[in-house]
Amino acid sequence: MSAVIEHDNHEDHHHGPDKGLMRWVLTTNHKDIGTLYLWFSFIMFLTGGVFALVIRAELFQPGLQIVEPEFFIQMTTMHGLIMVFGAVMPAFVGLANWLVPMMVGAPDMALPRMNNFSFWILPFAFSMLLATFFMEGGAPNFGWTFYAPLSTEYAPPTVTYFIFGVHLMGASSIMGSINIIVTILNMRAPGLKLMQMPLFVWTWLITAYLLLAVMPVLAGVVTMMLMDIHFATAFFDAGGGGDPVLFQHVFWFFGHPEVYIMILPAFGIVSAIIPTFARKRLFGYASMVYATSAIAFLSFIVWAHHMFTAGIPITGEMYFMYATMLIAIPTGVKVFNWVATMWKGSMTFETPMLFSVAFVILFTIGGLSGLMLSIVPADFQYHDTYFVVAHFHYVLVPGAVFSIMAAVYYWLPKWTGNMYNEALGKTHFWLSFIGINVTFFPQHFTGLAGMPRRIPDYALQFADYNMISSCGAFLFGFSQILFLFIILQTIRGGKKATDQVWEGAHGLEWTIPSPAPYHSFSTPPKNLEEAHG
Amino acid sequence: MSEQSYEAYYVPHNSKLPIFASLGIFLTLFGIGSILNDMTAGVEHSAGTWVVLVGGLVLGFTLFYWFATVIEENQQKLYSDQMNRSYVWAMAWFIFSEVMFFMAFFGALFYVRFWVVGWLGGEGDRGPSDMLWPAYTPEWPLMSNPEADKFVGPAEVIPSLQLPLVNTMLLITSSFTVTIAHHAIKEGNRKKLINWLAATIALGLIFLVVQGYEYYHAYVDLGLTLASGIYGTTFFMLTGFHGAHVTIGTFMLIVMLGRALKGHFDADDCFGFEAASWYWHFVDVVWVGLFIFVYLLGGGPTGF
Ligand code: HEM
Ligand SMILES: [Cu+2]
């Protein structure tokens, strides 16, 4: 079952891309589509980032200075939605598009037209979402978790467009995941066994499965909202025999797996980069696969740890507490394996490695605060405070976002054929690293001291830490302009990259030229021992 | 296309279809959104109607053309076995995602029945809902709701062993007929294929008519509506989404019938038919779940 690429209307199948703008609109090429996803994600990252800076500017001092409370909460909501659905998820899908076919030796993604469809839905979905700013009633103002009845009975009319926007994103994610799963299951080079695949491919296989399992549930919950709002159904209205807490159950049944959707591909990236720069094989490959599967399984049965204070039965709280704590075990296995990979390695610290090492350390901090939150009586205190904000930002920013940045630095030479400027890359890393910690570390303390999240004003005793936080946020925000500059500079030129790019790199993608040709594996690769790094 | 001794994976060079589909789906949803908002705000004529019309046309034509293209490529034998396997996997995972969509609604039903109703009646030690309506005694199906003027309860609910039982038999039979049609392809017996496929479609259409009649009866005679509280909510949302899927499934089967009449499908290349029939089986299984949990164990009268 060898695979060879073939085209309509072309004798020669080694042709390159079309010219002009339409190339990007009509393309079916996995690399083009990967690029589109990555740029889209970057634009969303900057947009969501600007919203975050509005929030941090308002919180720089106690009292109301810059924005109205109503606008503040719209900013908070849109920041969360855009970062989760617009920045982090599309970035990982973009990386999957670029890398999965190259890593498994496939000619392209399994369903190339649907691939284009999954991408092009996204700009429409986010236009719909962002358009609500200019509509009557303003943008969604119920937080990214959109709890009913805030998002039903008390929502602005624009909630309807929010709902359809979520439907569109869901459709995009489902089609994208189907494509990735099918590519991995059906398009591997002949002879490439599942347990030979790079971990990035493995983690994406499991992520795609999670997406297929929970995106429809998200679609279900927003549909229930839609019906409650426009057709007087009673899903979330106790007056009709429904229950607002039902919303939280359905939402978090999606929501908790969703947080793993945003971190499993990151695990895969870090598992590719650390061995390269430690110049050792990944420690415990098989246990990494099993741990990832275990995490995915557990992620389905812990959702109500987000609802300890919502009034669920005490037995339920006990169960969800212990189940949540179990996740720490497979997560611990992973952290152990990364550290063991570095142990006695010949390490060098190029930019991707810096981001990856920072990932291991800072993600662990986020995981540990997660464990604290899983303790029911403690969570009664922490819930809806800045401690939760600190927790999920530690797992999402130096977790998911750092891994994406690491991936960009690591594979950019393969994509563009040029090396990025190492000194600038390191500068970018250190500015981000300092910025992020200055922003979020103090929030642990304000949270423990009782500062609630999602408010534009706060008590005076929180003033100092908030000021520090805001300074860190602006530092982090502005250092991303440097990131943009470095990427543009690398695309335009720079030291030529070799095929292998990094001395210690293993994997099929490093066996083809840099920049990777438009069609990488027109005939399937033979050197499969290379595949798993 | 060059002759190759090895298998080739077909990758179209580029395609105008997805961008039009994206535009169409965007306009359709945006239009529906403005219609709904106007409806809820009490605006008479919604400009959204035009947007839906344009969007629906763009989406409809694009999807039609898209499927036509795929079928055409398949007829030209552009697809290798590996390509066909991609479609098989894709369809299987798509159905999995559909199952999860229904799970959300079944989950809501179970949650309401097992917990919410009890809490409304004062069970459990933390039922704020009981504090809101201390005099209220709930009994499933809820014939009156805690907030009785906002949600007017139904007079009666649909008995399970009458029309729903008929519908169950219709759909189960149709699962068999579609399987016979499948065997007919394998045997290369086109006449048998066409007859049994047509029978399946007929069963699906009768199901839809019966369902339509049941809805009419519920709305007009029984006062059971979407707005009559959580029983009506779960009842109509579950059966309604199922009905929508039967409609899609029947449509798929009709397309397959058209293809069968044109001479498509043979024993080793009938993915389109198989996809439609899996979808049909999936729709049947969901119905069996509905029949058991919404009707039979749904707490209403059996009507027997
Ligand atoms: C050891 C692993 C983890 C544990 C034990 C854990 C535990 C928790 C708990 C108990 C909460 C609820 C806090 C509350 O609202 O009172 C929470 C919130 C959250 N977690 Fe985690 N978590 C873990 C890993 C992660 C990861 C990997 C991510 C994402 C990449 C993540 C993202 C989030 C988010 C976004 C929220 C906040 C949701 C919201 O209310 O807006 N967590 N976590
Ligand atoms: Cu969680």
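When each of A:Cys471, B:Cys270 is scored by the number of other beta-carbon atoms lying within 10 Å, the sequence from fewest to most is A:Cys471, B:Cys270.
How large is the Rg to Rh ratio of the range B:1-116 when both quantities use alpha carbon positions and Rh follows Kirkwood? The partial results should precede the final answer.
On the way: Rg = 20.9 Å, Rh = 18.1 Å.
Across the range B:1-116, the Cα-based Rg/Rh ratio is 1.16.
When the convex hull of the C-alpha atoms of the range B:78-129 is computed, what volume per residue in Å³ does it have? Spell out each step's value before the answer.
On the way: hull volume 3.9 nm³, N = 52.
It comes to 75 Å³ per residue, whole-number rounded.
Counted without the sites themselves, the longest stretch of chain A free of GluC sites (Glu not before Pro) in a DSSP loop having at most 12 other beta carbon atoms within 10 Å is A:154-502. Find how many whole Å separate the alpha carbon centroid of the range A:373-398 from the alpha carbon centroid of the range B:214-241. Result: 42 Å between the Cα centres.
Working from label points 7 Å from Cα in the Cα-to-Cβ sense, the A:Leu368 to A:Thr315 distance is 3.6 nm. Over the C-alpha trace of the protein assembly as shown, radius of gyration and Dmax come out as 27.5, 83 angstrom. Exposure proxy ranking for A:Asp457, A:Asp228, based on other Cβ atoms within 10 angstrom of each Cβ and starting from the fewest, stands as A:Asp457, A:Asp228. Averaging 1/r across all pairs of distinct Cα atoms in the range A:213-370 and inverting the result yields a Kirkwood radius of 17.8 Å. Take the convex hull of the alpha carbons in the range A:18-145; its mean projected area over all directions comes to 9.7 nm².
Could you pull out the longest piece of chain A with no exposed loop trypsin sites (Lys or Arg not before Pro) in it, calling a site exposed if DSSP puts it outside H, G, I, E, B and it has at most 10 other Cβ atoms within 10 Å? Between exposed loop sites, the widest span is A:345-533.
Calculated on the Cα set of the range B:85-296, radius of gyration then Dmax: 20.9, 68 Å. For the range A:313-371, the list of chymotrypsin sites (Phe, Trp or Tyr not before Pro) that fall in a loop by DSSP and count at most 16 other C-beta atoms within 10 angstrom reads A:Trp343, A:Phe349.
Return an integer: the convex hull volume of the alpha-carbon atoms of the range B:14-75, in Å³ per residue.
Values: hull volume 3.6 nm³, N = 62.
Hull volume normalised by residue count: 58 Å³.
The label point for B:Thr49 and the one for B:Val209, both projected 7 Å from the Cα toward the Cβ, are 3.0 nm apart. Partner lysines whose Cα lies under 25 Å from the Cα of B:Lys262, excluding those fewer than 8 positions away in the same chain, are identified as B:Lys77, B:Lys186, B:Lys191, B:Lys192. The spacing between the range A:467-496 and the range A:132-146, judged by their C-alpha centroids, is 30 Å.
Helix A:328-342 and the longest principal axis of the C-alpha atoms of chain A enclose an angle of approximately 40°.
For chain A, the longest principal axis of the C-alpha atoms and the axis of helix A:69-81 are separated by about 30°.
Computed 3J(HN,Hα) for the range B:230-247, one whole-Hz value per residue from the Karplus formula 6.51 cos²θ - 1.76 cosθ + 1.60 where θ = phi - 60°, is 5, 5, x, 4, 5, 4, 6, 5, 5, 5, x, 5, 5, x, 4, 6, 4, 4, glycine and proline marked x. Each of A:Phe485, A:Phe254, B:Phe304 was scored by other Cβ atoms within 10 Å of its Cβ. Arranged with the fewest first, they read B:Phe304, A:Phe485, A:Phe254. One Cα centroid belongs to the range A:240-282, the other to the range B:117-167; the line between them spans 37 Å.
Note the angle between two axes, namely the Cα long axis of helix B:81-111 and the longest principal axis of the Cα atoms of chain B, as a number of degrees from 0 to 90, rounded to the nearest 10. Tilt relative to chain B: about 0 degrees. In terms of Cα to Cα distance under 24 Å, which lysines are near enough to A:Lys280, apart from those fewer than 8 places away along the same chain? Of all the lysines, those that pass the test against A:Lys280 - Cα under 24 Å, at least 8 places apart if same chain - are A:Lys193, A:Lys334, A:Lys344, A:Lys414, A:Lys426, A:Lys526.
Counting Cα-Cα pairs of the range A:133-174 in 10 Å increments starting at 0 gives whole-percent bin shares of 30, 52, 18, 0.
Read the figures in this text as sums done on the coordinates, not as results from a lab. Nothing here was measured: the structure is a model prediction, and the numbers come from that model. A quick note on method: Cβ atoms are made from the backbone with ideal geometry, for glycine too, and the neighbour counts reach across all protein chains shown.
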